[in-house]
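Structure, as structure tokens:
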Amino acid sequence: MSTITNEPVLDSLAPSTPGLWSFGHVTVERVESGPISLDRRGGRLHVRHSLTPADLSERLVAGVTSSIQDAEFGQDEFELTMVGLVRSTVDGALASWTTYYRNSLAELLDGTADFAPIHDKAEELVRGSVLDLGSCFGFLPLRLARAGMDVTATDILPGTMILLDAVAPELGITIDTVICDAGEVPAPDNSADTVTAIHLLEHVDDAVGETVIAQALRIARQRVVIAVPFEDEATACHGHIRTFDLESLQAVGRQTGVPFEVFEHHGGWLVLDATAA
């Protein structure tokens, strides 16, 4: 039985007042000067900042994380804050997101982004056509498509895939998108050479993770490439619910029953041989 709720659905491309963005109980405002600041009063969160268009990129994730001094700051508020920072810095929905994506891709490609080494390794490991699970904003699929690969991005959140569909043409990149759960992907067996799951498994529990990997092995013709962060404690504001180390990643590989390789490179990597699945 389905449940109907009256909760608003986030539209990252919805019109907003220049310099001000609000959704639910979160308001983000651009001011003349000062660092990112958070003010929680009466059940509302007000974020102030003085970012410029040049500041809009994935580097903001680290900046916002370091600004949080509120133990109750969860994933939803983190994501809304990130959206608000982008939308309140540049006037116009598509213009703001195109700025964010263009800056982020440039930093990922020139190596200045924190996530750059992970994307470098992922591009090195993929073979042929790629289906990416849990793509979120889709930076890795965009990078691979920009390099000439046939890429499909997937995510459970419709908003992220709608956003990716809107921005990709502005960047001159062609990419396919699918809205789906990573554990239930509407793709035929053996339909992509490589299936990637980059920083996805830390967001789901063991049982769901096993389902995701089974889906990946079903779809992949050649290999499945998985990357996870190594953390002492799961980062709640990023939606992480479990941690990994080399030993636990080895255990995940053994459970698949196929040949695999595990190694460390800015976190942990598990590469599964899908030809033996």
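Observations on the model:
- Yes/no for T177 being polar (S, T, N, Q) and in contact with a helix residue (DSSP H, G or I) (Cβ under 7 Å, 6 or more places away or on another chain): yes
- Of all residue pairs spaced 6 or more apart or on separate chains, those with beta-carbon atoms under 9 Å, a first member in segment 52-80 that is of a type in the set (F, W, Y) and a second member that is assigned to a helix (DSSP H, G or I) and buried (at least 16 other Cβ atoms within 10 Å of the Cβ) are F73/T81; F73/C237; F78/V61; F78/V64; F78/C237; F78/H238.
- In this structure, G267 does not satisfy being of a type in the set (G, A, S) and free of Cβ contacts under 8 Å to residues at least 40 places away in the same chain.
- Residue in segment 213-226 that is more than 17 Å from T275 (Cα to Cα) and either modelled with pLDDT of 95 or more or in a helix (DSSP H, G or I) (or both) present: no
- The single condition among (1) within 22 Å of Q222 (Cβ to Cβ); (2) under 17 Å from the mean Cα position of the chain (by Cα) that G148 does not meet is (2).
- Answer residue from segment 55-83, given it is among the hydroxyl-bearing types (S, T, Y) and over 18 Å from T99 (Cβ atoms) and is surrounded by the fewest Cβ atoms within 10 Å (Cβ to Cβ) among those: S66
- Residue within segment 38-46 that is part of a helix (DSSP H, G or I) and either at pLDDT below 95 or acidic (D, E) (or both) present: no
- Single unsatisfied condition, T27 versus (1) in contact with a Leu (Cβ under 6 Å, 6 or more places away or on another chain); (2) of a type in the set (S, T, N, Q); (3) modelled with pLDDT of 95 or more: (1)
Per-residue answers, yes or no, for (1) within 16 Å of the chain's Cα centre (by Cα); (2) under 30 Å from A147 (Cα atoms); (3) surrounded by 20 or more Cβ atoms within 10 Å (Cβ to Cβ):
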residue: E29; (1), (2), (3): no, no, no
residue: G43; (1), (2), (3): no, no, no
residue: H49; (1), (2), (3): no, no, yes
residue: P53; (1), (2), (3): no, yes, no
residue: A106; (1), (2), (3): no, yes, no
residue: L109; (1), (2), (3): no, yes, no
residue: A116; (1), (2), (3): yes, yes, no
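- Output for segment 142-158, where each listed residue is in contact with a helix residue (DSSP H, G or I) (Cβ under 9 Å, 6 or more places away or on another chain) and more than 16 Å from V195 (Cα to Cα): R146, A147
- Picking from residues in segment 7-24 that are of a type in the set (A, V, I, L, M) and either out of contact with any Asp or Glu (no Cβ under 8 Å at 6 or more places or on another chain) or without any contact (Cβ under 8 Å) to a residue 60 or more places away in the chain (or both), the one that is surrounded by the fewest Cβ atoms within 10 Å (Cβ to Cβ) is V9.
- Checking each residue of segment 25-48 against the condition of being touching a residue at least 40 places away in the same chain (Cβ under 8 Å), of a type in the set (D, E) and either within 30 Å of L272 (Cβ to Cβ) or in contact with a strand residue (DSSP E or B) (Cβ under 6 Å, 6 or more places away or on another chain) (or both) gives at least one match.
The values are calculated or read from the model by the stated rules, or taken from the named source; none is laboratory data. The shown structure was predicted, so the numbers you read here are calculated from the model rather than taken from an experiment. As a convention, Cβ positions derive from the backbone with ideal geometry for all residues, glycine included, and neighbour counts pool all protein chains shown.
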